[in-house]
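Below is one structure, written out as structure tokens; comments come after it.
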Amino acid sequence: MPTETPSSTTYRAIDHQHSAQPGSEWWRSAVIYQIYPRSFADASGDGIGDLAGITSRLESLRDLGVDAVWLSPFFRSPQRDAGYDVSDYCDVDPLFGTLADFDVLRDRAHELGLRVIVDLVPNHCSSDHPWFQDALAAGPGSPERDRFMFRDGRGDTGELPPNNWKSVFGGNAWTRITEADGTPGPWYLHIFDSSQPDFNWKNPWVWEQFRQILRFWLDRGVDGFRVDVAHGLMKKDGLPDIVEAAESGGLADAISSPDDVPYWAQPEVHEVYRDWHRVLDEYEGDRVLCAEAWVEPLAKAALWVRSDEMHQAFNFSYLGTPWNAARLRSVIDESIAAFSAVGAPSTWVLSNHDVVRHASRYGLSVPGAHTATGLGPKSEDKPDEELGLRRARAASALMLALPGSAYLYQGEELGLPEVIELDDHVREDPSFHRTNGEVYGRDGCRVPIPWEHSAPAFGFSHSGESWLPQPATFADYARDRQQADPHSTLELYRSALALRTQYALGTGSVSWLDGFASEVVAVRNGDVTVIANTGTEPIALPAGRIVLASGPHDGTTIAGDTTVWIVTN
């Protein structure tokens, strides 16, 4: 709960005519808000969020205090994987609107001082994409086939897949095609769904197409790109079988990204991002590339953000760290050291569209740890909602006090929990269907967010339609209810972001404070002392003025699962 009214923030329209001095670029300390378009706001009334809906709600994000918005895919797509199966990289899917709608969104965001980052999916496209359809039609040995990963099968008649690779979404990573004459053909690789064929990034034609895609959106005024599966793209020569220890496949392997998985983190992928860096350097305005690279350890993830490659990489090691003081101190130290070593800022993230919301993760038996299978009605470990929210508020207050760039996922500023009670027939995540329900997947964090507690669909859509059902409890989390409550999670986030700017925490540095119990994270960043109590017992606070608190306090002590910011001047 905030205890001080932060100084007001001045919003400045975005100017692409100039670039900042090296080392002072906006993205080094930015707070970036992820929008999942189909679940943010629906202007058309069809129950699916759209670009016009986003535009109508941008002022709420300006008022929240974020610096940029990242839009998950809105390109043309058959939507078999919620837009991460792209059939046209240079057009808007009619589900979300038009290119003109995007232009209006971009202009309004820039007027409000918000930068716009779009999601780019280079590892694969949709099987409906004309490029893949051309490859199917062109036949064996054609240049069109060489744009993708076609291989002959093993066995006497090629009836077996080319290797033992498994799909991240479950099942085999290979699908065999039937040629135009009806004979069985080769197999194509899809590390994700069978409707998402992998590109052959050893082919220069693929490189050139993506240069053109980058320039299309840069010319249209975007401020950068979040790059999906940035640790993918390249595959090890010969496509060898995966060693037995990693043979299980699935999302868990995708996250752990072991060295012996031959389709992750291949050295050649860095040349792709050096090439893209040169493309972005053609433009003014400090455009940015952010890597979704599930790579560990952090020193290896930092290779993606060397000075001539990308600018940021998501810190998934931090996201997966339990609510434990020793583990948190360790990952913060490791993060800052690894990214600083290559001249890049660390990023911090607790939730996104691919993981269980942290307000629920922190209520599990191992609080905060990533759960690769999602949560559903039959999950053995069900979150304690009250405890999860208390810890999530404390964790967010700690994260937003750290130097570097922070990412927020839509609805976390409302304290939204994972929606667990979703019936099987409404689930859309391909990982749920490809595993026959063994993996619940990501639908629970993608349910449309609530805006007004008494409006149809809680203000998400004027028609009352919602592509995933919203629980009745969302009324309690609605934005309009929280705006009037000084103790709400929304007000906690708004105050934390304003104070983060006021005290320049994003460009600060960390020093650890001694003399606290082992369950306490005690750190100083500039003029602000941050005390996070991950234990269960109350702790005494150092002298000073409390300017932010994630939970109740008496001015001298805080309870467990609480974070405070203290200033002494």
### Message
Using the basic label-point model (7 angstrom from Cα toward the beta carbon), what is the Ala137 to Ala472 distance in nanometres?
### Response
5.4 nm
### Using alpha-carbon coordinates, inclination of helix 99-111 to the longest axis of the chain, degrees
30 degrees
### 0 to 90° range, to nearest 10: angle between helix 51-64 axis and the chain longest Cα axis
30 degrees
### Task
Taking a cut-off of 22 Å between Cα atoms, list the lysines near Lys300, but don't count ones fewer than 8 places away on the same chain.
Lys235, Lys236
### Query
Accessible area, 1.4 Å probe, largest first: how do Glu271, Glu418, Glu537 sort?
Glu537, Glu271, Glu418
### Query
When the Debye formula is applied to the Cα atoms of the chain, each taken as the same point scatterer, what base-10 log of I(q)/I(0) results at q = 0.06, 0.10, 0.11 Å⁻¹?
-0.29, -0.83, -1.01
### Query
Counting only heavy atoms of protein chains, what accessible area per residue, in Å², does the chain have with a probe of 1.4 Å?
36 Å²
### Query
Helix 385-399: angle to the longest alpha-carbon principal axis of the chain, degrees 0 to 90, nearest 10?
90 degrees
### Summary
Here the Kirkwood hydrodynamic radius of region 50-187, Cα-based and in Å, equals 17.7 Å
## Note on the structure
Expected unfolding gain across Arg327-Asp554 under the 0.36 nm per residue rule, minus the alpha-carbon gap, is 78.9 nm
### Task
For every helix of n ≥ 4 consecutive DSSP H residues, a contribution of -39,500 (n - 2.57) applies; sum these over the chain, divide by its total residues, and give [θ] at 222 nm rounded to the nearest 500 deg cm²/dmol.
-7000 deg cm²/dmol
### Query
So what's the gap between the Cα centers of region 517-551 and region 48-116, to the nearest angstrom?
38 Å
### Query
When the Cα atoms of region 524-569 are enclosed in a convex hull and the volume is divided per residue, what value in Å³ results?
61 Å³
### Percent of beta bridges antiparallel (DSSP, the chain, rounded to nearest 5)
55 percent
### Query
Among Gly155, Val530, Leu112, whose Cα sits farthest toward the positive end of the charge dipole of the chain (+1 at Cβ of Lys/Arg, -1 at Cβ of Asp/Glu, about the Cα centre)?
Val530
### Task
With a 1.4 Å probe and every protein chain kept in, tell me what percent of the accessible surface of the chain is carbon plus sulfur.
49 percent
## Note on the structure
With the 8 Å Cα cutoff and a minimum separation of six or more residues, the chain has a relative contact order in percent of 15 percent
### Query
Taking amide hydrogens as modeled 1.01 Å from N in the peptide plane, which residues meet the under 5 Å criterion relative to Val86, leaving out close sequence neighbours?
Ser126
### Task
Return the whole-Å distance between the Cα centroid of region 412-470 and the Cα centroid of region 137-195.
34 Å
### Dipole in debye (nearest 20) - the chain, about Cα centre, beta carbon charges: Lys, Arg +1; Asp, Glu -1
1140 debye
### Taking only Cα atoms of region 454-569, radius of gyration then Dmax in Å
18.1, 57
### Task
State which stretch of the chain is the longest one without any exposed trypsin sites (Lys or Arg not before Pro), exposure meaning a DSSP loop state and at most 13 other Cβ atoms within 10 Å.
13-377
### Task
Report, for region 76-228, the % of DSSP beta bridges that are antiparallel, rounded to 5.
75 percent
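When the expected Rg is taken as 2.2 N^0.38 Å, what fraction or multiple of it is the alpha-carbon Rg of region 375-496?
1.14
The values are calculated or read from the model by the stated rules, or taken from the named source; none is laboratory data. Treat the numbers as computed from the prediction; the structure is a model and nothing was measured. When we count neighbours, we look across all protein chains shown, and the Cβ atoms used for this are built from the backbone with ideal geometry, even at glycine. Protein only, heavy atoms only, side chains kept; ligands, DNA and RNA dropped before computing areas. Shrake-Rupley method; radii C 1.70, N 1.55, O 1.52, S 1.80 Å.
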